[in-house]
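Q: Let me begin by handing over the structure; questions about it come next.
Just so it is clear, none of the values below were taken in a lab; they were calculated from the coordinates. Just so it is clear, the structure is predicted and the values come from calculations on it, not from any experiment. Neighbour counts run over all protein chains shown; Cβ positions are idealised from the backbone, glycine included.
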Amino acid sequence: MKLFWQRFKRNKLAVTGGIMVLTLFFAGALAPVVSPFNPNDIDKKHILEPPGISHPLGTDDLGRDVLSRMLYGSRISLSVGFIAVGIATVIGVIIGAVSGYYGRWTDRIIMRVIDIMLSIPTFFLILAVIAFVGPSIWNIMIIIGLTSWMGVARLVRAEFLSLKEREFVLAAKALGASNMRIIFKHIMINSMAPVFVSAVLGVASAILVESALSFLGLGVQPPTPSWGNILTLGKDNIEIAWWLSVFPGLAILITVLVYNLVGEGLRDALDPRLWGSKSY
């Protein structure tokens, strides 16, 4: 662990990304405390007011404070990211472990199912399912998770195929350890490093998908604020209210960027093949 932190801290971009991730997390968690206004308060006297002292990021077409709505919207985006990735990771780890450990026909069937899933454009699959079950925050979390596990499964399968022939696994089999014990106690704990990296990068992807769905009107529904539906208002008022497009767009860009920086830093710190390379 000490070596991991030493290598991670050498990557200045990853450390900066980590600080930004923590900042976004606390901004969302403390939104009720730090928001200057209620995000759903309508103020007819300040409709489409540009950024100023009283409203640092301006107001929308109902006079609602954009800063407050973005702070509350960050809670939605981060919640979707973490929960969707959690669902995808659990499913992917279990399926990948079964496929990699048992091999043979089990592996062949699972890999063909994964190939079929990967052949379908994920975003259009999500759109189709959302159109069928209806848009809601929980539906979005579950659907993104159920359509994003294939990459994790492939990573875990590859790790299991490599580790199941190692001496410590053969020794556990010789001592009579059950398959479940070998999978969960011996192999899985040694194959989680790429899964952690994939999970961090997956949060960025899930946030991007949620924002796109909300922008299209199939994600978080008004009046609940999210970065995507604030962008929708910006599209409708792009010529007279630039701030409705610029600020939520920047929030999405920065959030996705910092999660990718952290993911790259974790990959470099956890991969022994890169330990001999110079840091950045």
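Q: By counting other Cβ atoms within 10 Å of each Cβ, how are V21, V156 ranked from fewest to most? List each step's numbers first, then the result.
A: Numbers: V21 18, V156 28.
Sorted ascending by nearby Cβ count, the order is V21, V156.
Q: Calculate one ³J(HN,Hα) per residue across segment 120-129 by plugging θ = phi - 60° into the Karplus curve 6.51 cos²θ - 1.76 cosθ + 1.60, and present them in order as whole Hz with x for glycine and proline.
A: Per residue, the Karplus-derived 3J(HN,Hα) values read 8, x, 4, 5, 5, 5, 4, 4, 5, 5 Hz.
Q: Related question: What lysines sit close enough to K12 to cross-link, taking a C-alpha to C-alpha distance under 16 Å and skipping anything fewer than 8 places away on the same chain?
A: The reachable lysines, counting only those whose Cα sits under 16 Å from K12, are K278.
Q: Per residue of segment 66-79, in order, report the coupling 6.51 cos²θ - 1.76 cosθ + 1.60 (Karplus, θ = phi - 60°) as ³J(HN,Hα) in whole Hz, putting x for Gly and Pro.
A: 5, 4, 4, 5, 6, 5, 5, x, 5, 5, 5, 4, 5, 4
Q: Another question, if that's okay. Taking the Cβ of each residue in S205, S35 as the centre, tally the other Cβ atoms inside 10 Å and list the residues starting with the fewest.
A: Arranged by neighbour count, lowest to highest, S205, S35 become S35, S205.
Q: Roughly how many debye, to the nearest 20, is the charge dipole of segment 77-270 about its Cα centre, given +1 on each Lys and Arg Cβ, -1 on each Asp and Glu Cβ, and no other charges? Intermediate results must be reported in sequence, preceding the final value.
A: Working: 12 positive and 10 negative charges, 168 e Å.
Value, rounded to 20: 800 debye.
Q: Can I ask one more? I'd like the Kirkwood hydrodynamic radius of the chain, using the inverse of the mean 1/r over distinct C-alpha pairs, in Å. Write out the running numbers ahead of the final one.
A: Numbers: mean 1/r = 0.0480 Å⁻¹.
About 20.8 Å for the chain.
Q: For the chain, find the longest principal axis of its Cα atoms and tell me its angle to the long axis of helix 104-119, 0 to 90°, nearest 10.
A: Roughly 20 degrees, rounded to the nearest 10.
Q: Now for a different question. Round to the nearest 10 and give me the degree value, 0 to 90, for the angle of helix 137-146's Cα axis relative to the longest principal axis of the chain.
A: Helix 137-146 sits roughly 30 degrees off the main axis of the chain.
Q: OK, next. So which trypsin sites (Lys or Arg not before Pro) in segment 1-33 pass both tests, a DSSP loop state and at most 11 other Cβ atoms within 10 Å of the Cβ? Please list the in-between numbers first.
A: Details: sites: K2, R7, K9, R10, K12; in loops: none.
Loop-located and lightly packed - none at all.
Q: Among the lysines, select those whose C-alpha is under 28 Å from the C-alpha of K45, and discard any that sit fewer than 8 residues away in the same chain.
A: K235
Q: With n ≥ 4 as the cut-off for DSSP H runs, can you work out [θ] at 222 nm for the chain, using -39500 (n - 2.57) per run divided by the number of residues, rounded to the nearest 500?
A: Numbers: 12 runs with 189 residues, N = 280.
The helix contribution divided over the chain gives -22500 deg cm²/dmol.
Q: Going by how many other beta carbons lie within 10 Å of each one, how would you line up L208, L250, L175, fewest first?
A: Values: L208 19, L250 12, L175 8.
By the 10 Å Cβ count, ascending: L175, L250, L208.
Q: Taking only Cα atoms, what is the 0 to 90° angle, nearest 10, from helix 150-163's long axis to the longest principal axis of the chain?
A: Helix 150-163 sits at roughly 30 degrees to that axis.
Q: Based on a Kirkwood Rh over C-alpha pairs, give the Stokes-Einstein translational diffusion coefficient of segment 173-264 at 20 °C and viscosity 1.002 mPa s in µm²/s.
A: On the way: Rh = 15.9 Å.
Value of D from the Cα-based Kirkwood radius: 135 µm²/s.
Q: Now for a separate question. How many angstrom lie between the C-alpha centres of segment 14-49 and segment 69-87?
A: Here the answer is 13 Å between Cα centres.
Q: Take the Cβ-Cβ distance between S136 and N40 as r, set R0 to 22 Å, and report the resulting FRET efficiency rounded to the nearest 0.05. Intermediate results must be reported in sequence, preceding the final value.
A: Details: r = 18 Å, r/R0 = 0.81.
That pair, S136 with N40, gives E of 0.80.
Q: Right, here's the next one. State to the nearest 20 debye the size of the charge dipole of segment 53-188 about its Cα centre, where the only charges are +1 on K and R beta carbons and -1 on D and E beta carbons.
A: Numbers: 13 positive and 8 negative charges, 121 e Å.
Dipole size: approximately 580 debye.
Q: In sequence order, what are the phi-derived ³J(HN,Hα) couplings for segment 7-20 according to the Karplus relation 6.51 cos²θ - 1.76 cosθ + 1.60 with θ = phi - 60°, rounded to whole Hz, with x for glycine and proline?
A: The phi angles translate into 6, 5, 5, 6, 8, 4, 5, 5, 5, 4, x, x, 5, 5 Hz.
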